[in-house]
Amino acid sequence: MSEFVWWKHGVIYQIYPRSFRDSNSDGVGDIRGITDSIDYIAELGVDAIWISPVNKSPMLDFGYDIEDYREIDPLFGTMDDFLDLMKQCHDRNIRVIMDLVVNHTSDRHNWFLESRSSRNNPKRDWYIWHPGSGTRPPNRWKSAFGGSAWEFDERTGEYYLHSFLKEQPDLNWRNPELKKAVFDMMSFWLDLGVDGFRLDVVNWFIKDKKLRDNPVTMRPFHPERHKYDRNRPEVHDLLREMRVMTDRYRDRMLVGEVFTLIPGDPELSARFIGNGMDQLHMAFDFSIIYRFWSARGFYRALKKWYRAIPAGGWPAIVLSNHDQPRGRSRYLGPPGSDARARVASVFLLTVRGTPFLYYGEELGMKNARLRKSDIVDPLGHKFWPIYKGRDLSRGPMPWDGSENGGFSPVNPWLPADPDCENISVLKQSSDPYSMLTMHRRIISLRKQYRELSMGDFIPVLKGWRGIIAYYRKYGSDTSFIALNFTASEKKIDLNHRGQWRVLFSTHRTSYKFFTDLKFRLHPNEAIIVKRIGDM
Ligand code: GLC
């Protein structure tokens with residue numbers, strides 16, 4: 001039987017550092033704020049944290065525009081702060097994953113300053129430059145943040161490519177020197193002890209050599225099929241090289257953000273893990289994030305994701321992140337109720353795959369309530385009110401009942417939720433039935449009963465009538481999980497002989513026993529039972 005592998009069998013907690021905890025009273029979360037919260041993170045029981053970018057940045061895309069990959073931005077602290085955080089984490093057996101944003105840099109990065117300085121600068125080719133066609137850009141590629149993906153640069157009379165803001169020029173991964181510079185930078189952090197990277201928009205790294213226009217589609221909101229500006233096959237050779245480099249270090253992990261539009265594309269995401277062992281360790285597929293609340297929809301998306309994963313590969317499971325509205329708000333349900341969010345979390349933590357838990361998800365945090373004047377995300381600025389941007393899911397973490405939920409004594413960069421006290425860490429910690437207690441409990445059950453993290457996944461009820469149910473089986477240990485997505489009572493009658501003990505339920509106290517798998521599920525109940533013997 002295989003051994004516990006931290007990135008496969010553990011839980012990874014995503015921290016958006018601006019919003020976690022402010023240690024120096026400037027209204028913005030920082031690295032010391034994370035270190036100060038280390039006991040909280042350890043008690044939650046997660047095995048690793050992934051921290052959104054903390055490198056030096058002008059912050060036009062809140063850190064996803066990096067000016068210096070080897071420095072920590074002063075807003076977040078110093079290199080010593082980062083090293084101290086890493087030590088505190090490692091002392092507690094918690095790994096640290098950094099965000100690796102190398103599809104593009106900031107336009108203030110030295111590489112770009114050199115590249116744009118003249119057409120024959122040695123770093124010219126580190127970015128993607130091209131003359132226009134007449135007075136028009138080289139082709140019709142669009143920036144993900146709206147408008148043309150090309151910006152004309154007067155000094156040298158050529159256009160450069162930017163898949164996001166014009167202040168985020170795209171790197172040219174076809175250039176071997178650029179590749180070496182990025183690999184060296186990755187080694188710099190791996191040598192310091194970083195346990196892995198989350199690769200930002202990994203499927204966008206390489207562009208068509210001939211810069212061909214994308215095929216046009218008739219689909220509303222998706223006018224082009226991203227055949228030439230994303231998802232180029234050459235990226236897989238690059239990832240194989242990156243894997244070889246990373247594997248020179250012990251026990252490190254690469255997980256890629258494969259960014260696709262609704263409804264997600266599991267086959268594409270899976271391609272980024274190659275044969276399961278030769279490219280990224282894991283990749284995100286956002287199909288489930290993009291689903292509305294539906295047992296059938298969740299199950300089908302999960303099944304497609306599992307089917308796409310090659311033998312030897314391993315799925316990442318994600319329901320929330322810093323780019324999408326929070327699950328608790330997406331799933332709706334009765335006003336004020338967190339019943340659906342609880343079912344979703346049990347799903348996240350008990351299906352097969354590595355759960356990525358987004359800060360605040362364990363508290364049932366909702367989308368931030370923001371006025372137009374609160375919006376800082378460039379996407380929100382651009383598309384308000386049709387799309388309010390990504391600030392919604394980036395609100396300050398509610399710690400206690402003090403000012404701004406204890407996040408910061410001064411006005412935070414995004415306003416704290418007026419009733420955040422009710423879902424604060426302090427309040428939930430002492431409540432045996434809170435969302436937080438539930439997360440702590442299930443994460444600890446995953447450690448205690450290995451079938452929940454390492455076991456095979458055997459589906460039984462596949463979303464019909466609003467129920468998903470499955471076994472997790474590891475050696476002779478079997479647990480059974482049932483999730484009621486509906487607001488009505490449901491009967492489970494599986495006639496699976498034996499004695500079963502309730503390990504966890506959103507609705508009943510544990511230490512209850514069932515004989516055979518015959519019981520009634522409460523409305524929106526999620527339950528985990530363990531087989532304790534034959535009759
Ligand atoms: C990814 C990040 C997002 C960022 C974009 C550009 O999608 O998750 O926050 O704006 O890449 O780096």
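Quick notes on this structure:
- Neighbour counts of other Cβ atoms within 10 Å put SER37, SER57 in the fewest-to-most order SER37, SER57.
- Signed unit charges on C-beta, dipole axis of the stretch 110-161, positive-most listed residue PRO138, TYR160, TRP126: PRO138
- Separation of the stretch 463-491 and the stretch 18-61, taken as the distance between their Cα centroids, equals 35 angstrom.
- Expected 222 nm ellipticity per residue - DSSP helices of 4 or more, -39500 (n - 2.57), all of the chain, to 500: -7000 deg cm²/dmol
- Projected-area mean, the stretch 373-504, by convex hull of Cα positions, square nanometres: 12.3
- Cα-only Debye scattering, the stretch 53-194: base-10 log of I(q)/I(0) at q = 0.12, 0.13, 0.21 Å⁻¹: -0.54, -0.62, -1.27
- Dipole size of the stretch 110-161 about its Cα centre, with +1 on Lys/Arg Cβ and -1 on Asp/Glu Cβ: approximately 120 debye, rounded to the nearest 20.
- Equivalent-ellipsoid semi-axes for the stretch 489-535 (Cα gyration tensor, √(5λ), whole Å, largest first): 17, 13, 6.
- Globularity ratio of the stretch 456-531, using Cα Rg and 2.2 N^0.38 Å: 1.00
- Distant alpha-carbon pairs in the chain (separation over 38 angstrom), percent: 28
- Largest-first ellipsoid semi-axes for the stretch 110-161, taking √(5λ) over the Cα gyration tensor eigenvalues, angstrom: 20, 13, 8
- Taking the C-alpha atoms only, the angle from helix 235-247 to the longest principal axis of the chain is near 70 degrees.
- DSSP assigns beta bridges within the chain; of those with both partners inside it, close to 65 percent run antiparallel.
- Between the stretch 118-181 and the stretch 370-408, the C-alpha centres lie 32 angstrom from each other.
- Reach of LYS227 by Cα under 16 Å, taken over lysines that are not fewer than 8 positions away in the same chain: LYS142, LYS207, LYS209, LYS210
- Candidate lysines for bridging to LYS490, where Cα separation is under 30 Å - those fewer than 8 sequence places away on the same chain excluded: LYS303, LYS304, LYS366, LYS447, LYS462, LYS473, LYS512, LYS518, LYS530
- Base-10 log of normalised Debye intensity for the stretch 373-430 (one unit scatterer per alpha-carbon) at q = 0.17, 0.20 Å⁻¹: -0.59, -0.72
- Span from the the stretch 304-324 Cα centroid across to the the stretch 187-209 one, whole angstrom: 18
- Taking the charge dipole of the stretch 456-531 about its Cα centre, with +1 at Lys and Arg Cβ atoms and -1 at Asp and Glu Cβ atoms, the residue from PRO459, ASN524, ASN495 reaching farthest to the positive side is ASN495.
- Ordering of 293-302, 413-422, 101-110 by burial proxy (mean other Cβ atoms within 10 Å per residue, highest first): 101-110, 293-302, 413-422
- Its relative contact order, with pairs defined as Cα atoms under 8 Å and 6+ residues apart, puts the chain at 12 percent.
Values in this text are rule-based calculations from the coordinates and carry no lab data. Computed from a prediction, not measured in an experiment: that's the story for all the values here. Here the Cβ is made from the backbone with ideal geometry for all residues, glycine too, and neighbour counts use every protein chain on show.
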